[in-house]
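A quick write-up on the structure given underneath.
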């Protein structure tokens, strides 16, 4: 088997079919995820243990492959065909056999082409503060942040540092300086890189993912001290995100982080990629923007009331998920059944219909 050619054919298949992910595993045929559904490439041969080792070696190189064998899992990125496409990958063992999940990283698009709230562009133009893009895995969080970085890069002369594991989108500097740091290659971990950024005359910091309390605490401090900080969390909505951040700290530190978050938070954007009637995916979202009322609720431990603020904050640019879903239904983009399926509050949605 020509492994380089096989890998190329598989990646081209994902691109041609408009797929998002490629799954490879020993003793099974490859599979592609298209519009949220797995499609098995039954005309392809079943991959052997040797095939998987060879393909992974192409993807990550011998040095990282040796490290993978020791640690039994690895995150990586792969540049396909000199920039034709870029993929994010994870390799792991299951039952002693190698499996690989590859995600096609979408091209960086202008914010106006992503069907998102225009308020996202306004947040990207802020000089300082803390902004989070949240939601389950694979819902377009990285794409949204990348579009924000690109807007800053094209409009302002700023020093942007990204801290990622692995690096996903590759940016071409325009008006800004962009330094992209990959955990495990350019820095030991997120927290160390974030602390180092304080000494790098940085304006904008993009943290691929906040994985621990130290990183969250330093990110909030950075936002307080004159930086625009963008990051992601795997949470469902704004109120849950705030609770998750605060609850990650010991009890003795929670009042302090509440005060910091109340003053530094710009907003929280929660998004879902929802199947369209005509095929493909479109984002539905919730947007919380910080104001005096929201700050007070955070300080006073009343985050459960934030949902009401979002529902009634339309004039201020806020939007709740149900309203976003209903707007997509009215535009003929999604079905009512899909709206109910993706709503976090179906009874509330029913009252709005």
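The values are calculated or read from the model by the stated rules, or taken from the named source; none is laboratory data. Predicted model, so just to flag it, every value in this text is computed and none were measured. Every residue, glycine among them, receives a Cβ derived from its backbone with ideal geometry; neighbour counts consider all protein chains shown.
I'm trying to understand the selection: among the residues of region 309-322, which are modelled with pLDDT under 95, under 23 Å from residue 340 (Cβ atoms) and assigned to a helix (DSSP H, G or I)? Scanning region 309-322 gives 311, 314.
Condition first: surrounded by 14 or more Cβ atoms within 10 Å (Cβ to Cβ), more than 22 Å from residue 221 (Cα to Cα) and touching a helix residue (DSSP H, G or I) at 6+ places or on another chain (Cβ under 6 Å). Can you find one or more residues in region 144-160 that meet it? Full working, then the answer.
Filtering region 144-160 for residues surrounded by 14 or more Cβ atoms within 10 Å (Cβ to Cβ) gives 144-153, 155-156, 158-160.
Imposing the further condition that a residue be more than 22 Å from residue 221 (Cα to Cα) reduces the set to 144, 146-147, 150-151, 153, 155-156.
When the remaining residues are screened for being touching a helix residue (DSSP H, G or I) at 6+ places or on another chain (Cβ under 6 Å), the result is 147, 151.
Yes, because at least one residue in region 144-160 is surrounded by 14 or more Cβ atoms within 10 Å (Cβ to Cβ), more than 22 Å from residue 221 (Cα to Cα) and touching a helix residue (DSSP H, G or I) at 6+ places or on another chain (Cβ under 6 Å).
Checking each residue in region 44-66 for being exposed (fewer than 14 other Cβ atoms within 10 Å of the Cβ) and either in a helix (DSSP H, G or I) or touching a residue at least 60 places away in the same chain (Cβ under 8 Å) (or both) picks out 49, 50, 61, 62, 63, 66. Please verify whether residue 15 is part of a helix (DSSP H, G or I) and either outside the structural domain of residue 140 (by TED's automatic domain parsing) or surrounded by fewer than 14 Cβ atoms within 10 Å (Cβ to Cβ) (or both), treating the condition exactly as stated. Yes, satisfied.
Is there a residue being surrounded by fewer than 22 Cβ atoms within 10 Å (Cβ to Cβ), at pLDDT 95 or above and on the phi > 0 side of the Ramachandran plot anywhere in region 162-184? The answer is no; no qualifying residue exists.
What about residue 307, is it surrounded by 12 or more Cβ atoms within 10 Å (Cβ to Cβ), touching a residue at least 40 places away in the same chain (Cβ under 8 Å), closer than 30 Å to residue 247 by Cα and touching a helix residue (DSSP H, G or I) at 6+ places or on another chain (Cβ under 7 Å)?
Working: surrounded by 12 or more Cβ atoms within 10 Å (Cβ to Cβ): yes; touching a residue at least 40 places away in the same chain (Cβ under 8 Å): yes; closer than 30 Å to residue 247 by Cα: yes; touching a helix residue (DSSP H, G or I) at 6+ places or on another chain (Cβ under 7 Å): yes.
Criteria met by residue 307.
Do we have residue 27 as under 15 Å from residue 100 (Cα atoms) and at pLDDT 95 or above here?
On the way: under 15 Å from residue 100 (Cα atoms): yes; at pLDDT 95 or above: yes.
For residue 27, the condition - under 15 Å from residue 100 (Cα atoms) and at pLDDT 95 or above - is met.
Being buried (at least 19 other Cβ atoms within 10 Å of the Cβ) and at pLDDT 95 or above is a property that does not hold for residue 70.
Of the strands (runs of 3 or more DSSP E) lying entirely inside region 143-250, those containing at least 1 residues that are farther than 23 Å from residue 269 by Cα and either in contact (Cβ under 8 Å) with a residue 60 or more places away in the chain or in the same structural domain as residue 116 (by TED's automatic domain parsing) (or both) are 159-164, 177-182.
Mind listing just one residue for me: the one in region 29-43 that is surrounded by 14 or more Cβ atoms within 10 Å (Cβ to Cβ) and touching a residue at least 12 places away in the same chain (Cβ under 8 Å) and, of those, nearest to residue 281 (Cα to Cα)? Break it down into steps so the answer makes sense when it comes.
If we filter region 29-43 for residues that are surrounded by 14 or more Cβ atoms within 10 Å (Cβ to Cβ), which is where we start, we get 29-35, 39, 41.
Restricting the remaining residues to those that are touching a residue at least 12 places away in the same chain (Cβ under 8 Å) gives 29-30, 32-35, 39, 41.
On the way: 29: 26, 30: 23, 32: 16, 33: 12, 34: 10, 35: 6, 39: 16, 41: 22 Å.
The residue in question is 35.
Every residue, every condition in (1) closer than 30 Å to residue 259 by Cα; (2) surrounded by 13 or more Cβ atoms within 10 Å (Cβ to Cβ); (3) in contact (Cβ under 8 Å) with a residue 60 or more places away in the chain, yes or no:
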{"site": "320", "(1), (2), (3)": "yes, yes, no"}
{"site": "330", "(1), (2), (3)": "no, no, no"}
{"site": "334", "(1), (2), (3)": "no, yes, yes"}
{"site": "352", "(1), (2), (3)": "no, yes, no"}
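Candidates are the residues of region 67-83 that are in contact (Cβ under 8 Å) with a residue 40 or more places away in the chain and in contact with a helix residue (DSSP H, G or I) (Cβ under 8 Å, 6 or more places away or on another chain); the one that is nearest to residue 27 (Cα to Cα) is 76. Of the set (1) over 14 Å from residue 239 (Cβ atoms); (2) surrounded by 13 or more Cβ atoms within 10 Å (Cβ to Cβ), all apply to residue 286 but (1). Do we have any residue at all in region 94-102 that's part of a helix (DSSP H, G or I), surrounded by 19 or more Cβ atoms within 10 Å (Cβ to Cβ) and in contact (Cβ under 8 Å) with a residue 60 or more places away in the chain? Looking for residues that are part of a helix (DSSP H, G or I), surrounded by 19 or more Cβ atoms within 10 Å (Cβ to Cβ) and in contact (Cβ under 8 Å) with a residue 60 or more places away in the chain, one finds none in region 94-102, hence no.
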